[in-house]
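What follows is one structure encoded as structure tokens, with my remarks underneath.
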Amino acid sequence: MSEDRTSAPGTPPSPFNRTVQHDAKRLAILSQAARLFNYKGSRATTLKDIAEKLGLTKTSLYYYVKTKEELIYQCYMAALDYHHSILDMVEANHSAPADRLREFFLQQFDNWMAASEGRGPHIAALLEIASLRGTHRQEVEAQYIAMFKRLRQYLRDGMADGSFRTLEPTATTRALLGSLDWAFSWLHEIPPEQLHSTAGKAVDILTRGLFGGRGEYVPASLDIGESGSRPLEGFNREQQNRLKQDAFYKTGTWLFNKKGFDGTSLDEIAEQLHVSKGAFYYHIRNKEDLLFNCYNRSLDIVENIHEQAAQIRGTGLEKVEQTCRRIFYFQNSGDGPLIRYSSITALPMPRRREILKRTDAANECFGNFLREGMEDGSVRQIDSFIAQNLIAGAVNASMELNLWRKLDNVDAAAIDYFDIFFNGLLPRK
């Protein structure tokens, strides 16, 4: 007797349907791989790890996926299929742009809850697209751009019908997605019973903004200027070595951001700097050390910017806003870039914890400024922990804005980019 390959409408699929069985197993593999990639990173996760978590042999796993590169690609395509399916759903159920954006964000938080409670699959955070090669990268980037354009159209539609304020749609879309991409790094700190209310509070911050005053918050002029490096002293060997190391870290950061950890070679960095490999290895022991030092360099810069903001005589909101603009300027000026956290999972866990501890402390400075703003009235009453992480996600994504729009005036672009956090999407009263 042949197997039943179809089911009557409204009935569960037959357990003897091989296609259904295959799809269910593939979904379980992608969900488990996404969970491990999000936590450990693709470099530290092996196919053996995934097989063991699922109670499979590596041979059984190879039936569904041949290489880790193929698995990363499938996880990312599954994640993008999920995001597009959410967009399909919100477009079918809502016609107003504000309702569409709100529902899209709430669904992202609901997915986190569903995965943590075991009632839905884990969705891969799209952190390591740069590690993909050839057609895999092209297909993933094409789907990501398609998702980006759909969300940006919601903003354009809302501005056209007057339901949204006038914003720069490309910069705002990038900031929103940056905030979402960062969610995996902090939502695990929220108690499960508070996840639903957390989603609502996050949407409220993005729709109404942080500004506690009347009308729109207008940023003050800010004299950022160039960093003004000291002239090179011919016989100061310590200074020369420090400048050489900084050049290695700066070039390494640029390549890690562009190509990912696995796609970056030390030989390429040496070639970019026009130095011999021997000279390079005199300063840098290996690629992991270089990545670790790139993170430390970036954190040194960010911590210094936060310290500068803490010293100014201004409101809490002004300190948040000026910090964001200074970091953005550094990211997109000749002094930058700063490292993007898409490569953090390439570090071994002890070093990763060290970097993340410093990162959390730096992000907490945003929280301190926000609480100061609530006291002085410049910030309305919001959840500062949620707000600081939404901003941190956007800051982390700000280094790629030049891929999406021209940056003729870097500070003006920064004001456009962060405007949604201060004034929100909705028209101000």
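Things to note:
- log10 of Debye I(q)/I(0), alpha-carbon scatterers only, for region 324-368 at 0.15, 0.18, 0.25, 0.27 Å⁻¹: -0.49, -0.68, -0.98, -1.00
- Charge dipole (Cα centre; +1 on Lys/Arg Cβ, -1 on Asp/Glu Cβ; no other charges) of region 237-423 amounts to roughly 560 debye.
- Taking every Cα-Cα distance in region 45-130 and sorting them into 10 Å bins from zero, the calculated P(r) comes out as 15, 36, 31, 13, 4 percent.
- Computed over the chain: relative contact order in percent, which uses C-alpha pairs under 8 Å that are six or more apart: 23
- With the charge dipole of the chain set up from +1 on Lys and Arg Cβ and -1 on Asp and Glu Cβ about the Cα centre, the Cα lying farthest toward the positive end among the listed residues Ser85, Tyr295, Gln331 is that of Tyr295.
- The charge dipole of the chain, taken about the Cα centre with unit charges on the Cβ atoms of Lys, Arg (+1) and Asp, Glu (-1), comes to about 780 debye, rounded to the nearest 20.
- Full extension of the chain between Asn93 and Gln381 yields a length gain of 100.5 nm, computed as 0.36 nm times the residue separation minus the alpha carbon distance.
- Under DSSP loop assignment and at most 12 Cβ neighbours within 10 Å, longest GluC sites (Glu not before Pro)-free interval of the chain: 234-429
- Label positions at Lys259 and Lys149, each projected 7 Å from the Cα along the C-beta direction, are separated by 2.9 nm.
- Sorted from longest to shortest, the spans of the Cα atoms of region 18-164 along the three principal axes equal 57, 34, 30 Å.
- Cα shape, region 312-429, gyration tensor, a/c 1.5 rule: oblate
- Virtual spin-label span in nm between Ala412 and Glu117, 7 Å along Cα→Cβ: 4.8
- FRET efficiency, Arg428 to Asp81 (Cβ-Cβ, R0 22 Å, nearest 0.05): 0.05
- With N counted as the residues of the chain, its alpha-carbon radius of gyration over 2.2 N^0.38 Å works out to 1.06.
- Average Cα contact separation per residue, region 18-164, under 8 Å, 6 or more apart, as relative contact order %: 29
- Value at 222 nm in deg cm²/dmol, rounded to 500, when DSSP H runs of n ≥ 4 in the chain each add -39,500 (n - 2.57): -21500 deg cm²/dmol
- Dividing the C-alpha radius of gyration of region 250-325 by 2.2 N^0.38 Å, with N its residue count, gives 1.47.
- The GNM of the chain, with springs linking C-alpha atoms under 10 angstrom apart, assigns the highest mean-square fluctuation among Leu273, Leu176, Leu338 to Leu273.
- Stretch gain in nm, segment Asp246-Leu273, where the contour uses 0.36 nm per residue and the Cα spacing is subtracted: 8.6 nm
- Distance in nm between pseudo-label sites at Glu364 and Glu288 (7 Å out along the Cβ direction from Cα): 2.8
- Judged by the gyration tensor of its Cα atoms, with axes a ≥ b ≥ c, region 237-423 is prolate; a/c meets the 1.5 cut and a/b is the larger of a/b and b/c.
- Taking a ≥ b ≥ c as the square roots of the Cα gyration tensor eigenvalues, region 94-207 comes out oblate, since a/c reaches at least 1.5 and a/b does not exceed b/c.
No value in this document is a laboratory result; all are computed from the given coordinates. As the structure is a computational prediction, the values presented were derived from the model and not from experiment. All Cβ positions, glycine included, derive from the backbone under ideal geometry; neighbour counts span all protein chains shown.
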